[in-house]
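K.L.:
What follows is a structure written as structure tokens; I'll ask about it next.
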Amino acid sequence: MNINMNPNSELNQSIVKVPNLVSVPDPLIKQAYQFQEAMMMYTCAIREVKTKLEVLNDELSVRNSRNPIELVKSRVKKPVSIVEKLKRRNLPVSLESMMENLDDVAGIRVICSFLDDIYAVADMLARQDDVHIIAIKDYISQPKINGYRSYHMIIEIPVFFSDQKKWMRVEVQIRTMAMDFWASLDHQLKYKKEMQEYSQEISDELRECADVIAQTDEKMLNIRKRIEEQGITVTK
Ligand code: GTP
Ligand code: MG
């Protein structure tokens with residue numbers, strides 16, 4: 001892809017036009033442009049997948065009179081986390097290495113209402129012929145030892161740019177609101193403890209919370225199904 005080294009661009013302004021303070025070598029500027037270009041491509045890939053999810057949600061909400069998707073969140077991985085992950089995995093720290101080795105530079109989190117919505121959304125996404133499935137991890141049927149539950153898909157989708165079609169990888173995590181509640185708090189607690197291991201007692205209690213939440217998800221699904229059987233449609 002052509003690199004736009006427009007001297008008036010925001011990047012050029014920020015890294016080159018720091019008056020007389022630093023002299024940035026040309027190869028570094030080129031790398032910075034290439035990195036910015038790659039991040040733009042991941043942002044576009046996220047937009048494409050989000051559009052697919054919106055279409056599915058619209059279609060399903062018309063068909064079933066309720067929205068299977070509550071919320072979609074997304075993020076492009078921060079440069080510092082990219083470097084940290086490449087180093088942790090003993091991989092070269094370069095743009096090529098990032099694009100080849102990291103599956104989660106573009107990340108989307110889909111928060112569903114009910115358990116079965118997760119599989120409905122995942123199946124419909126997987127059936128689209130421009131979606132390549134690279135990997136699936138079903139942490140719902142097989143939760144992690146700490147109690148974490150979610151359905152993870154690594155997919156590849158084509159993104160059309162002015163001079164090329166690029167297959168971009170995106171990590172899609174699909175979970176219920178209840179699973180998201182647990183995972184968000186678990187993440188906060190880990191962050192506060194700077195990734196240290198929890199004590200056995202705390203791990204056990206967190207696992208218990210995750211199990212109670214999973215039972216609640218199942219109960220809510222069961223209630224919805226019983227209501228549907230009575231011929232009443234659940235609306236939002
Ligand atoms: P990472 O190096 O973390 O990306 O793990 P991985 O490549 O083995 O992939 P995995 O599918 O196990 O996890 C990917 C992502 O799922 C993580 O980056 C988190 O967002 C989420 N995740 C996985 N395990 C946990 C967990 O125990 N707690 C929480 N809160 N999130 C988790
Ligand atoms: Mg990750």
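The values are calculated or read from the model by the stated rules, or taken from the named source; none is laboratory data. What you see is a predicted model; the values in this text were computed from it and never measured. Virtual Cβ from ideal backbone geometry, glycine too; neighbours counted across all protein chains shown. These accessible areas exclude ligands, DNA and RNA; they are computed on the full protein's heavy atoms, side chains included. Shrake-Rupley method; radii C 1.70, N 1.55, O 1.52, S 1.80 Å.
K.L.:
Is it the case, given these coordinates, that residue 135 is at pLDDT 95 or above and away from ligand 1 (no atom under 11 Å from the Cβ)?
P.N.:
So residue 135 does not fit the description; no.
K.L.:
Restricting to segment 123-159, count the residues that are away from ligand 2 (no atom under 16 Å from the Cβ), free of Cβ contacts under 8 Å to residues at least 24 places away in the same chain and of a type in the set (D, E, K, R).
P.N.:
Of the residues in that region, 4 qualify.
K.L.:
Okay, moving on. Considering each residue of segment 166-187, count those that are at pLDDT 95 or above and either within 16 Å of ligand 2 (Cβ to nearest atom) or surrounded by 18 or more Cβ atoms within 10 Å (Cβ to Cβ) (or both), and give that number.
P.N.:
Of the residues in segment 166-187, 15 are at pLDDT 95 or above and either within 16 Å of ligand 2 (Cβ to nearest atom) or surrounded by 18 or more Cβ atoms within 10 Å (Cβ to Cβ) (or both).
K.L.:
One residue is enough: does segment 90-102 have a residue meeting the conditions among the small types (Gly, Ala, Ser), open to solvent by less than 50 Å² (accessible area, probe 1.4 Å) and more than 16 Å from the chain's Cα centre (by Cα)?
P.N.:
Yes, there is a match, as at least one residue in segment 90-102 is among the small types (Gly, Ala, Ser), open to solvent by less than 50 Å² (accessible area, probe 1.4 Å) and more than 16 Å from the chain's Cα centre (by Cα).
K.L.:
Okay, next question. Given the criterion crowded, with 16+ Cβ neighbours inside 10 Å, within 15 Å of ligand 1 (Cβ to nearest atom), among the charged types (D, E, K, R) and part of a strand (DSSP E or B), identify the matching residue among 149, 109.
P.N.:
Details: 149 fails: part of a strand (DSSP E or B).
Step by step, each of 149, 109 is checked, and only 109 is crowded, with 16+ Cβ neighbours inside 10 Å, within 15 Å of ligand 1 (Cβ to nearest atom), among the charged types (D, E, K, R) and part of a strand (DSSP E or B).
K.L.:
Between residues in segment 94-112 that are under 15 Å from residue 43 (Cβ atoms) and residues that are of a type in the set (A, V, I, L, M) and open to solvent by 20 Å² or more (accessible area, probe 1.4 Å), which pairs lie under 7 Å by C-beta distance while being six or more apart or on different chains?
P.N.:
From residues that are under 15 Å from residue 43 (Cβ atoms), the pairs are 105/76; 106/76; 108/72.
K.L.:
Among (1) part of a helix (DSSP H, G or I); (2) surrounded by fewer than 14 Cβ atoms within 10 Å (Cβ to Cβ), which single condition is residue 210 missing?
P.N.:
(2)
K.L.:
Show the residue pairs that are 6+ apart or on different chains and have beta-carbon atoms under 6 Å apart, the first residue being within segment 160-181 and under 15 Å from residue 103 (Cα atoms), the second being within 16 Å of ligand 2 (Cβ to nearest atom) and not hydrophobic (A, V, I, L, M, F, W, C).
P.N.:
169/103; 171/103; 171/104; 171/107; 173/109; 173/150; 173/152
K.L.:
Taking residue 34 as meeting all but one of (1) within 30 Å of residue 220 (Cα to Cα); (2) at pLDDT below 95; (3) among the polar types (S, T, N, Q), write down the number of the exception.
P.N.:
Going through the list (1) within 30 Å of residue 220 (Cα to Cα); (2) at pLDDT below 95; (3) among the polar types (S, T, N, Q), residue 34 breaks only (1).
K.L.:
While we're looking at this one, here's another question. Any residue that is open to solvent by 50 Å² or more (accessible area, probe 1.4 Å), in contact with a Lys or Arg (Cβ under 7 Å, 6 or more places away or on another chain) and within 16 Å of ligand 1 (Cβ to nearest atom) - is there at least one of those in segment 60-73?
P.N.:
So far as segment 60-73 goes, yes, one or more of its residues are open to solvent by 50 Å² or more (accessible area, probe 1.4 Å), in contact with a Lys or Arg (Cβ under 7 Å, 6 or more places away or on another chain) and within 16 Å of ligand 1 (Cβ to nearest atom).
K.L.:
Go through (1) within 14 Å of ligand 2 (Cβ to nearest atom); (2) open to solvent by 60 Å² or more (accessible area, probe 1.4 Å) one by one and return the number of the condition residue 163 breaks.
P.N.:
With respect to (1) within 14 Å of ligand 2 (Cβ to nearest atom); (2) open to solvent by 60 Å² or more (accessible area, probe 1.4 Å), residue 163 is out only on (1).
K.L.:
Which members of segment 95-106 meet the condition of being within 10 Å of ligand 1 (Cβ to nearest atom) and over 21 Å from residue 176 (Cβ atoms)? If you could, list the steps in order and put the result at the bottom.
P.N.:
Filtering segment 95-106 down to residues within 10 Å of ligand 1 (Cβ to nearest atom) leaves 102-104.
Answer for segment 95-106, where residues must be within 10 Å of ligand 1 (Cβ to nearest atom) and over 21 Å from residue 176 (Cβ atoms): 102, 103.
K.L.:
Could you tell me whether any residue of segment 35-57 is more than 16 Å from ligand 2 (Cβ to nearest atom), open to solvent by less than 80 Å² (accessible area, probe 1.4 Å) and over 19 Å from residue 170 (Cβ atoms)?
P.N.:
Within segment 35-57, not a single residue is more than 16 Å from ligand 2 (Cβ to nearest atom), open to solvent by less than 80 Å² (accessible area, probe 1.4 Å) and over 19 Å from residue 170 (Cβ atoms).
K.L.:
Could you please give the count of residues in segment 127-146 that are in a loop (DSSP other than H, G, I, E, B), open to solvent by 70 Å² or more (accessible area, probe 1.4 Å) and over 22 Å from residue 212 (Cβ atoms)?
P.N.:
Adding up the residues that qualify gives 1.
K.L.:
Of all residues in segment 85-117, count the ones that are closer than 25 Å to residue 27 by Cβ and small (Gly, Ala, Ser).
P.N.:
2
K.L.:
Against the condition among the small types (Gly, Ala, Ser), more than 14 Å from ligand 2 (Cβ to nearest atom) and not in a loop (DSSP other than H, G, I, E, B), how does residue 120 come out, does it pass?
P.N.:
Judged against the criteria, residue 120 is a match.
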